[in-house]
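Enquirer: Sharing a structure here in structure tokens format.
Values quoted throughout were computed directly from the atomic coordinates according to the rules given, and no laboratory measurement underlies them. Computed from a predicted model, the values in this text were never measured in an experiment. Here Cβ is always computed from backbone atoms with ideal geometry, including for glycine, and neighbour counts include all displayed protein chains.
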Amino acid sequence: MAINQAYLFLIFTLNGVLIGLLFDFFRILRKTFKTGNIVTYIEDIVFWILSGISIIFFMYKFSNGSLRFFIFLGLGFGIILYMLTLSNIIIKISVKTISGVIKLLHKIWSIIIIPLKFIYKVIDKIILRPGYIYCSKIQNFATKKLKKPHFTLKKIKKMEKCAKKSS
């Protein structure tokens, strides 16, 4: 019986460490990506849901669903143990790693974008600008011709009279 309780205490201590890791995961996300209040609230809700699922799963898997005081002591001990020993190290390493990856991705993107900008400038000079100029000339021509039509109403009536006389 005592061996079983010690085993459960150890299992739930590990569960506490896992909950601490999960907590730090959300802390790392908040430190690397600036989020608004609504996203923070959603992250908190997700953390508590996942923590609750983890605790319930471990209870049913290892203690047949029975609640014992030492189970909660094990959870608390695991969380405190993790927070006092590994939490700061994991957060620092993770934040530096994620920040480094983001900086690397920015550098890669800036290298990729240089040829794309050059290609766009070439296409712009060869195809787009002449097309804009041609279209604007057509538009100017059309608007001038539409403002001053060749056939006025008087001319049309004269042409109709001539057509009637000749037929």
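Enquirer: The range 13-56: which trypsin sites (Lys or Arg not before Pro) are DSSP loop and have at most 16 other beta-carbon atoms within 10 angstrom? Please list the in-between numbers first.
Expert: Numbers: sites: R27, R30, K31, K34; in loops: K34.
Hits after loop and neighbour filter: K34.
Enquirer: Counting other Cβ atoms within 10 Å of each Cβ, which chymotrypsin sites (Phe, Trp or Tyr not before Pro) in the range 16-95 have at most 10 and sit in a DSSP loop?
Expert: Values: sites: F23, F25, F26, F33, Y41, F47, W48, F57, F58, Y60, F62, F69, F70, F72, F77, Y82; in loops: F33.
Loop-located and lightly packed - F33.
Enquirer: Something else now. Test of understanding: ordering I90, I112 by Cβ neighbours within 10 Å, fewest first, what list do you get? Don't skip to the end; give the middle numbers.
Expert: Values: I90 17, I112 9.
With the fewest neighbours first, I90, I112 line up as I112, I90.
Enquirer: Quick check: from the Cα gyration tensor, does the range 2-85 come out rounded (a/c under 1.5), prolate or oblate? Kindly include the intermediate steps, with their values, before the conclusion.
Expert: Numbers: a/c = 3.71, a/b = 2.03, b/c = 1.83.
Judged from the Cα gyration tensor, the range 2-85 comes out prolate (a/c at least 1.5, a/b above b/c).
Enquirer: Kindly state, to the nearest 0.05, the FRET efficiency for K92 paired with I49, given R0 = 22 Å and r defined as their beta-carbon distance.
Expert: Numbers: r = 27 Å, r/R0 = 1.24.
Result of the calculation: an efficiency of 0.20.
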